[in-house]
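For reference, the structure is listed below as structure tokens.
Every number here is computed from the coordinates shown, using simple stated rules; none is lab data. Every value quoted in this text rests on a predicted model; they were computed, and no experiment measured them. Every residue, glycine among them, receives a Cβ derived from its backbone with ideal geometry; neighbour counts consider all protein chains shown.
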Amino acid sequence: MSKSFRFQTSLKHARGFGSGKSGTTHFWQQRVTGVAALLLSLVYVVLLVKLQGDDYAAVMATLGNPFVAVLMLAFLGVSVWHMKIGMQVIIEDYVNQPLLRVLTLMANSFFSALVGIASAVALIKITFGA
Amino acid sequence: MADARLAASRPLSPHLQVFRFILTMAMSIVHRITGGFLYVGTVFVAVWLVAAASGPEWFAQVDGVYQSWIGRLILLGLVWSLIHHAIGGIRHFIWDLGYGFDPKTADRLALFNLVAGVVLTGVVAIAAFIFA
């Protein structure tokens, strides 16, 4: 047995199988999107307060402002990804029946995508129309 | 050989019912629940944005629902969920960096999260009321 053999771990057997496919990808993405959402949510809350009592024209003018639109799109983008992988963890924790698990995981992807696309299309339409 | 009966009789990892109630455990659950609220709450944001993009009539319809007392209650709940979950996230970042694991600090962080979440929600609600 050569000496270098000792430095080999069973990692190569795990690569490409099970969680070996992506490892800590989702864990790390949850942190990155979390930090982004934390900062952007400050903008979002201030915006919500500012829009209180505004009429339609004023709301459209605010949302149509490119700076606001960019930050809102960024906030919604990272939030949707954050919630998608977060809900995936919850489903993986609690839904044990295989078929139901696959269906709920799929529904999670569809729901998150739909919410994200709807918000993005609306924001882009508003900011391009303004 | 794989034995189905053996698999079925394997002990399951203990869940909620076997643990003594402690603050950090409750806060972990609340973090998940507020995350779940926010998950559903994105529908309110998406509907509001789509209504705004669809024209003044649609916007007035949705705004009317959101301005009702039940609409306001739901939105206030979502604001609290967002703030509580955000502070909970900071707590997780502190742990990720390797700090705050001793029970006393963990309890203090949990209590701070709970109080700051409610207080900041109150501040936002008052600010919104002043602007309206």
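Values computed for the structure shown
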| item | result |
| --- | --- |
| Label zone at A:Ala61 (point 7 Å along Cα-to-Cβ), backbone N below 17 Å, the stretch B:25-56 | B:56 |
| FRET efficiency for A:Arg101 and A:His13, using Cβ-Cβ distance with R0 set to 22 Å, rounded to 0.05 | 0.30 |
| Shape category assigned to chain A from the gyration tensor of Cα positions, a/c cut at 1.5 | prolate |
| Surrounding net charge for B:Gly88, when Lys and Arg each add one and Asp and Glu each subtract one, Cβ distance under 13 Å | +1 |
| Value of D in µm² per second that Stokes-Einstein yields for the stretch B:60-132, Kirkwood Rh from Cα pairs, at 10 °C (1.306 mPa s) | 114 µm²/s |
| Modelled FRET efficiency - R0 35 Å, B:Arg10 with A:Ile90, Cβ distances, 0.05 increments | 0.90 |
| Positive minus negative residues near A:Arg101 (Lys, Arg vs Asp, Glu; Cβ under 12 Å) | -2 |
| Three semi-axes of the equivalent ellipsoid, the protein assembly as shown, Cα gyration tensor, whole Å, largest first | 40, 23, 20 |
| Count of lysine pairs in the protein assembly as shown with Cα separation under 24 Å (8 or more residues apart, or interchain) | 4 |
| Virtual spin-label span in nm between B:Leu73 and B:Tyr99, 7 Å along Cα→Cβ | 4.0 nm |
| Gap separating the Cα centres of the stretch B:80-100 and the stretch B:29-66, nearest whole Å | 25 Å |
| The stretch B:3-132: C-alpha gyration tensor shape, a/c 1.5 cut-off, then a/b vs b/c | oblate |
| Kyte-Doolittle at least 0.5, axis length at least 24 Å by Cα - qualifying DSSP helices, chain B | B:23-54, B:69-96, B:103-131 |
